[in-house]
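One structure coming up, written as structure tokens, with questions to follow.
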Amino acid sequence: MSKQPHDADGVGRMQFLLDLRRRGIADLAVLRALDEVPREHFVDARFVDAAYADQALPIACGQTISQPYMVAYMTEQLRVRPEHRVLEIGTGSGYQAAVLSRLAREVVSVERYRTLADTARLRLTTLGYHNVDVIVGDGFAGVPDRAPFDRIIVTAAAEAIPDALVAQLAEGGILLLPLGPHGGTQLLVRLTKTAGTLEREDLIAVRFVPLLRGQAREL
């Protein structure tokens, strides 16, 4: 896995990491994970020169790969430790799952679009991320037969907290998700499960594509 910086309109990997530090990303394990994962392999070939620019980029099936800062911020707020099992809802290109794989024992990622899931699975395997399992399915349902999970991260916006995901969260676990209206501004919310109840922290305003029910019939 190459760790050579990739120039992207003058924004190479070193500048990318410096910018993240400047914007407040301080967890060294998170920064190291972002350094280890070659983002240029997770973007559409048309946008490879912008791989390290701080912007969301389109991928297949009308979805996006989140801007690097948002990936870094969400990863830091998830507080992943090496012994954790993580559930990700919304695989997309597989970039967030790859970053999480550097921090956690195991990552299970659910994607509703088979095309995205198959492409991400092949990409992750090729790049050597063998502790990530990509599943085609309904993100609202999670993966009950693999629960409980120490951490759950949702990379699309829900209008309400999915009950099934709360049920699959381990005691003391963290669920991180964008919460709010589709097509509008949402709040990134961190929920911590304590004695069967949820403690909620509102973090920052965000804009994510909507979390949709069911597995996509096409694509």
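The values are calculated or read from the model by the stated rules, or taken from the named source; none is laboratory data. Given the structure is predicted, the values throughout are model-derived calculations rather than measurements. Because the Cβ atoms are built from the backbone with ideal geometry, glycine has one as well, and the counts that use them run over all protein chains shown. Surface accessibility is based on the protein's heavy atoms, side chains included, excluding ligands, DNA and RNA. Shrake-Rupley method; radii C 1.70, N 1.55, O 1.52, S 1.80 Å.
Percent of accessible area on the chain owned by carbon and sulfur, 1.4 Å probe? Please list the in-between numbers first.
On the way: 4990 of 9860 Å².
C and S atoms contribute 51 percent here.
Taking 0.36 nm per intervening residue step and subtracting the Cα-Cα distance, what contour gain separates I204 from T125 on full extension?
Values: separation 79, 0.36 × 79 = 28.44 nm, distance 3.31 nm.
That pair, I204 and T125, stretches by 25.1 nm at full extension.
May I ask you to order 91-99, 174-182 by the average number of other C-beta atoms within 10 Å around their residues, highest value first? Provide the component values of the computation, followed by the final result.
Details: 91-99: 27.1, 174-182: 20.6.
Result, highest mean first: 91-99, 174-182.
Roughly how many Å is it from the Cα centre of segment 61-91 to that of segment 127-148, as a whole number?
13 Å
Rank-order 80-90, 200-210, 184-194 by packing density, defined as the average count of other C-beta atoms within 10 Å over each peptide's residues, highest first.
Descending packing order for the listed peptides: 80-90, 184-194, 200-210.
Further, regarding this structure: Calculate for the chain the 222 nm mean residue ellipticity that helices alone would give, adding -39,500 (n - 2.57) per DSSP H run of length 4 or more and normalising by residue count, nearest 500 deg cm²/dmol.
Values: 6 runs with 56 residues, N = 219.
Rounded to the nearest 500, it is -7500 deg cm²/dmol.
Also: Does anything in segment 56-76 have its amide N under 19 Å from the 7 Å Cα→Cβ label point of R23, and if so which residues?
56-59, 64-76
Using 0.36 nm times the number of residues separating D118 and R32, minus their current alpha carbon distance, what extension gain do you get? Spell out each step's value before the answer.
Working: separation 86, 0.36 × 86 = 30.96 nm, distance 2.69 nm.
The span from D118 to R32 would gain 28.3 nm if fully extended.
Now for a separate question. Out of G62, L31, A51, whose Cα points farthest toward the positive end of the dipole of segment 9-96 (charges: +1 Lys, Arg; -1 Asp, Glu; placed on Cβ)?
Comparing the listed Cα positions along the dipole, L31 ranks first.
Right, next: Run the numbers for L212 and A50: contour at 0.36 nm per residue of separation, minus the present Cα-Cα distance, in nm.
55.5 nm
Let me ask another. Segment 28-127: D in µm²/s via Stokes-Einstein (Kirkwood Rh, Cα pairs, 37 °C, 0.692 mPa s)?
Numbers: Rh = 13.6 Å.
The diffusion coefficient I find is 242 µm²/s.
Semi-axes of the equivalent ellipsoid for the chain, please: Cα gyration tensor eigenvalues, times 5, square-rooted, ordered largest first, whole Å.
On the way: eigenvalues 126, 74, 59 Å².
Ellipsoid half-lengths, sorted descending, are 25, 19, 17 Å.
Identify the trypsin sites (Lys or Arg not before Pro) of segment 20-62 meeting these criteria: DSSP loop state and at most 16 other C-beta atoms within 10 Å of the C-beta. Show your work: numbers first, answer last.
Numbers: sites: R21, R22, R23, R32, R39, R46; in loops: R23.
The qualifying sites are R23.
Please list 3J(HN,Hα) in residue order for segment 42-54, calculated via the Karplus relation 6.51 cos²θ - 1.76 cosθ + 1.60 where θ = phi - 60°; whole Hz, with x for glycine and proline.
10, 9, 4, 4, 5, 10, 4, 5, 10, 4, 9, 6, 7
Can you give the accessible area per residue of the chain, in Å², using a 1.4 Å probe?
Values: 9860 Å² over 219 residues.
About 45 Å² of surface per residue is accessible.
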